[in-house]
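The values are calculated or read from the model by the stated rules, or taken from the named source; none is laboratory data. For clarity, every value in this text was computed on a predicted model and none was experimentally measured. Don't worry about glycine lacking a Cβ; one is built from the backbone with ideal geometry, like all the others, and counts go over all protein chains shown.
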Amino acid sequence: IGTSVKTSSAEMELVEVRSAWVGWYHLSPVYSTKPYVQVGQIVKKGAPLCRIKTRTESRLRPLFGSKRLPLKNYTVRASIKGMIRERCAEKARETERRLDTGSEAIMTVQDGFSVEYNELLFLIEPVD
């Protein structure tokens, strides 16, 4: 999902990348590997940015009874060619954790935290 927003400080147009699913956010294809993208990296249109692991549709619950529904991975891809300006989901979780603990220290965000539907994940600056 890509939408344009104007930033007031830099007066540049940034494209928002939002989550289309509720699930767990992962920066890399598999655990303990290099992330798909870094802040400042230029990505092509369609390049993978992160993956979201989610439960399958609730209409399948009768087939599984009380068992947990299977997990499915969805890859979030860049809607345009551009430079990654910010990984917003991480920043939001870092702020939440600081508020919860009352600590002012910068905390490292762990891979695998939850994201909501339509939550802002990345800001991308378009490039030619």
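Glu16 passes every criterion in (1) at pLDDT below 85; (2) surrounded by 14 or more Cβ atoms within 10 Å (Cβ to Cβ); (3) assigned to a strand (DSSP E or B) apart from (1).
Here is the figure for the range 41-55: residues that are closer than 20 Å to Glu119 by Cα and part of a loop (DSSP other than H, G, I, E, B) total 2. Among the criteria (1) under 16 Å from Phe113 (Cα atoms); (2) modelled with pLDDT under 90; (3) under 16 Å from the mean Cα position of the chain (by Cα), the one Ser32 does not fulfil is (3).
Scanning the range 12-45 for residues that are of a type in the set (D, E, K, R), in contact (Cβ under 8 Å) with a residue 60 or more places away in the chain and closer than 23 Å to Lys72 by Cα turns up just one, Arg18.
Please work out if Glu94 is acidic (Asp, Glu), assigned to a helix (DSSP H, G or I) and either buried (at least 17 other Cβ atoms within 10 Å of the Cβ) or at pLDDT below 85 (or both). Judged against the criteria, Glu94 is a match.
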